[in-house]
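What follows is calculated from the coordinates using simple rules that are stated; it is not laboratory data. All figures in this text were calculated on a predicted structure; none of them were measured in a lab. Neighbour counts run over all protein chains shown; Cβ positions are idealised from the backbone, glycine included.
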Amino acid sequence: MNKECVLVVLKPDVVAKGLIGIILDRFSGAGMDLLAIKILSVSQDLAQRHYQHLKEQRFYKEIIKYLQGKLHDGHKAVALVYSGKNVIQRCRDIAGATNPEDADPRSIRGSMGRITTEGVFENLIHVSSDRKEACREIKLWFSPDEISGDLFPTRDEVLENYKKKVWK
Ligand code: IDP
Ligand code: MG
């Protein structure tokens with residue numbers, strides 16, 4: 001299979017529990033290229049757009065809160081882009097099944113995830129499901145200048161009256 005890319009998000013429970021290092025270690029040993037990484041507060045708009053296809057699910061409201069850090073003291077999330085051969089399936093294998101109780105016990109979700117008493121799958125990480133979703137999600141979470149290399153085509157846009165924070 002050709003080279004592909006994937007969005008991985010460490011959800012706010014990872015940051016709250018101090019597990020960033022141990023989880024990134026599972027990926028860094030797997031020989032993939034890290035193209036982008038950032039820590040961010042996930043807005044409601046980003047969370048809703050990310051999970052737009054799950055709008056009808058009974059757990060939708062909870063996962064929107066979960067991704068925003070509202071279940072974990074407002075903690076941030078960490079977003080990453082990896083590229084490599086067959087990287088989507090490899091990252092999904094490292095993550096494990098959606099339900100932490102069904103996940104391989106050696107996977108991230110199987111070894112560190114939990115189901116809350118409210119029924120939320122606190123499964124620690126998001127991994128894109130296929131190439132199309134990976135492309136949509138990477139463009140949603142990152143701007144072109146946050147990613148090293150030319151992953152997708154870009155165009156130049158001149159913005160007038162554009163307000164931006166700069167260093168004092
Ligand atoms: P995935 O993250 O393994 O791709 P999706 O079906 O895309 O799974 O669901 C997105 C997220 O919604 C999951 O990671 C999990 O946090 C949550 N979720 C999925 N199914 C359930 C469920 O049956 N109960 C509670 N939460 C769920
Ligand atoms: Mg999914």
Task: Net dipole in debye of the chain [+1 Lys, Arg Cβ; -1 Asp, Glu Cβ; about Cα centre; nearest 20] - done: 260
Task: Helix-only CD estimate at 222 nm, as mean residue ellipticity for the chain, using -39500 (n - 2.57) per DSSP H run (n ≥ 4) - done: -8500 deg cm²/dmol
TODO: Counting other Cβ atoms within 10 Å, keep those with at most 10, restrict to DSSP loop, and tell me which trypsin sites (Lys or Arg not before Pro) in segment 127-160 are left.
DONE: R155
TODO: Loop only per DSSP, at most 13 neighbouring Cβ atoms within 10 Å: give me the chymotrypsin sites (Phe, Trp or Tyr not before Pro) in segment 94-168, ordered by residue number.
DONE: Y162, W167
Task: Loop trypsin sites (Lys or Arg not before Pro), segment 59-90, which have at most 16 other Cβ atoms in a 10 Å radius of their Cβ (DSSP) - done: K70
Open item on the list: Within segment 33-70, list the residues whose amide N lies under 11 Å from a label point set 7 Å along Cα→Cβ of R136.
Closed with: 49-55
Open item on the list: For a Förster distance of 22 Å, can you work out the FRET efficiency between the beta-carbons of D104 and A30, rounded to the nearest 0.05?
Closed with: 0.90
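Tell me the Kirkwood radius of segment 7-92: reciprocal of the mean inverse pair distance over distinct alpha-carbon atoms, in Å.
Values: mean 1/r = 0.0726 Å⁻¹.
Evaluated over segment 7-92, this radius sits at 13.8 Å.
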TODO: Would you work out the charge dipole size for segment 93-168 about its Cα centre, treating the Cβ of every Lys and Arg as +1 and the Cβ of every Asp and Glu as -1, and quote it to the nearest 20 debye?
DONE: 360
Open item on the list: Taking the Cα centre as origin and putting +1 on Lys and Arg beta-carbons and -1 on Asp and Glu beta-carbons, what dipole magnitude results for segment 1-40, to the nearest 20 debye?
Closed with: 100
Open item on the list: At 24 angstrom or more along the helix axis (alpha-carbon based) and mean Kyte-Doolittle of 1.0 or higher, what helices does the chain contain? Whole DSSP H runs only.
Closed with: none
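Which entries in the list K11/K38; K65/K139; K11/K76; K17/K139; K65/K163; K38/K61 go over 18 Å, if you measure between the two C-alpha atoms of each? Show your work: numbers first, answer last.
Details: K11/K38 12 Å; K65/K139 22 Å; K11/K76 8 Å; K17/K139 28 Å; K65/K163 29 Å; K38/K61 25 Å.
Table pairs above 18 Å Cα-Cα are K65/K139; K17/K139; K65/K163; K38/K61.
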Open item on the list: I'd like the Kirkwood hydrodynamic radius of the chain, using the inverse of the mean 1/r over distinct C-alpha pairs, in Å.
Closed with: 16.8
- [ ] Taking the dipole about the Cα centre of the chain, with the C-beta of Lys and Arg at +1 and of Asp and Glu at -1, give me whichever of S129, L7, L159 is farthest to the positive side.
- [x] L159
